[in-house]
Amino acid sequence: MSNYLKKIMKDPNTPQKKAVRELIMSKLKHYEKLVGLPGPFAVNYTQWAIESSFKEVEFYEIDGEVLIHQVNQLNENKKLKEFVKLSFGNINKAPIEPKTLYDLDYCQGIKAMSDAVKKFKDNFIMTFSRRGAGNKTIDIFFTLRNEIVKMKEDFLGPIKHSIYTTMDGSKYIYCPYFDTSAMCCIAKIK
C-alpha cells in the first residue's frame, strides 16, 4: 500500500459518522440509486448501500490510485462488484437523476466545494471538514445557496443536530460531529 493510501485511510468504523448517517437516512425518503464517494473503503460502503435497500450504486473516484484500490477490494467479492458501477472522474460532474441520492463525502472544507453546494439542490448528503470554517459551515452553506433561514430547531438526541427551515419551506438537517477530526453532515430533508 502506498504512503498516499495509508495517509487517507481512516478507520471505517467511526462511531459518530455511523450514528450521523443513520439519523440522516431516517429523515430521508427512499431512493433507488446511490451515487457516492466511498474513498478507500469500497466494500464497507457497498455493504452499507445494500443494507440501506439501494438497488443500484455508482461510485466516483478522482484519484487513480484510490480507484485501483477500490477495484482490488471489489474484485475479492464478486457479488458486491456486480452491484457497483465505478466511474473515474469528479462526482461534481455526475448527472442529476431522479430517485437518486448523492452522498457527497468530500473530506474538505465547504469553501473548497462551493460549486457542488450550488449544483446539488436536492437529494444529497454533504459531509465537510469543519477545520477551516468551524461552526460557520452551515452559514456558508446557506449563503452559497442564496437561501435565508426562517427557523432553526436544535436537538440533543439521539445525537446532536439542528433542523433548519428556509423562507421557501425547504428543510435541512445539520449534524456536527467529531471522529477523527471535526466534521459535519448537511442534508436536504424536504
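Would you confirm, using the coordinates I've provided, whether Gly132 is modelled with pLDDT of 90 or more and surrounded by fewer than 17 Cβ atoms within 10 Å (Cβ to Cβ)? No, not satisfied. Given the structure, is Ser2 of a type in the set (Gly, Ala, Ser), at pLDDT below 85 and surrounded by fewer than 14 Cβ atoms within 10 Å (Cβ to Cβ)? Taking the combined requirement at face value, the residue satisfies it. Candidates in segment 157-190 are the residues that are closer than 16 Å to Glu22 by Cβ and more than 19 Å from the chain's Cα centre (by Cα); of these, the one that is surrounded by the fewest Cβ atoms within 10 Å (Cβ to Cβ) is Gly157.
If you go through segment 21-43 and pick out every residue that is part of a helix (DSSP H, G or I) and either in contact with a strand residue (DSSP E or B) (Cβ under 7 Å, 6 or more places away or on another chain) or among the acidic types (Asp, Glu) (or both), you end up with 5.
Farther than 24 Å from Tyr177 by Cα and of a type in the set (Asp, Glu) - does that describe any residue in segment 67-80? Yes.
The values are calculated or read from the model by the stated rules, or taken from the named source; none is laboratory data. Just so it is clear, the model here is predicted, and its values are computed rather than measured. Cβ: placed from backbone, ideal geometry, glycine included. Neighbour counts: every protein chain shown.
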